[in-house]
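Before any comments, here is the structure.
The values are calculated or read from the model by the stated rules, or taken from the named source; none is laboratory data. Please read these numbers as outputs of a predicted model, since none were measured by experiment. Ideal geometry is used to build each Cβ from the backbone, glycine not excepted, and the neighbour counts take in all protein chains shown.
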Amino acid sequence: MVKNDMTAQNLRSAYGGESQAFQRYKVWGDKAEKDGYPNVGLLFKAIAYAEQVHASNHFEALDNCMGDFLVASGAVFGIGSTAENLEGAKAGEDFEIDQMYPTYNLVAKEQQENEAVRSFHYALEAEKIHSKFFGEAREAVLDGEDIELESVSICEVCGHTVKDGTPDECPICGAPKEDFKVFEK
């Protein structure tokens, strides 16, 4: 139950941003496939699912905040080349890592909003991995190559993302292997 309006506003903003990332990454995944990078397309679509997990967690943390709200959230718009889309994706993830989630988490901790703290922490840890994967994919695409990739596993509890395998237990939230969704070629 969210008690503080500032934390509720931050949850709504994060929900909006994650929801937009979910849709944007699906579109950019299709573009990557059309550009001849099917593995980059798979990566985008799997990470889109992780962003959906984050949005759902933020939404659920707002369970008692009913009503209509204007939601302000930043988002990259447009469809560029696959390299440009990967650059935009990495920049968005880096903003969340460096600016958004650390600030939102500090506010939630100060206001003792434990569900928000958990939700923000889960997203922050996953975004670090997303940034790394998008950066690696961009370097490959700039070299004219697709990334090496067989599968991507997403924790359905926190959005933790793993390439080419699934851990027995999520290192972020402790969920078992069965709670991962696997995206394969």
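Quick notes
- Among (1) modelled with pLDDT of 95 or more; (2) farther than 21 Å from Gly135 by Cα, the one test that Glu51 misses: (2)
- Checked against the criterion of being in contact (Cβ under 8 Å) with a residue 60 or more places away in the chain and either in a helix (DSSP H, G or I) or under 27 Å from Ile147 (Cβ atoms) (or both), the candidates Tyr49, Tyr15 yield just one match: Tyr49.
Matching residues to (1) out of contact with any Gly (no Cβ under 7 Å at 6 or more places or on another chain); (2) part of a strand (DSSP E or B):
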position	(1), (2)
Ala123	no, no
Glu136	yes, no
Gly144	yes, no
Ile154	yes, yes
Pro171	yes, no
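- Residue ID - surrounded by the most Cβ atoms within 10 Å (Cβ to Cβ), chosen from residues in segment 118-147 that are over 16 Å from the mean Cα position of the chain (by Cα) and without any contact (Cβ under 8 Å) to a residue 40 or more places away in the chain: Glu136
- Condition check for Ala91: buried (at least 20 other Cβ atoms within 10 Å of the Cβ), touching a residue at least 12 places away in the same chain (Cβ under 8 Å) and in a helix (DSSP H, G or I): no
- Any hit, segment 27-40, residues being closer than 23 Å to Phe180 by Cα, within 13 Å of the chain's Cα centre (by Cα) and of a type in the set (Val, Ile, Thr): no
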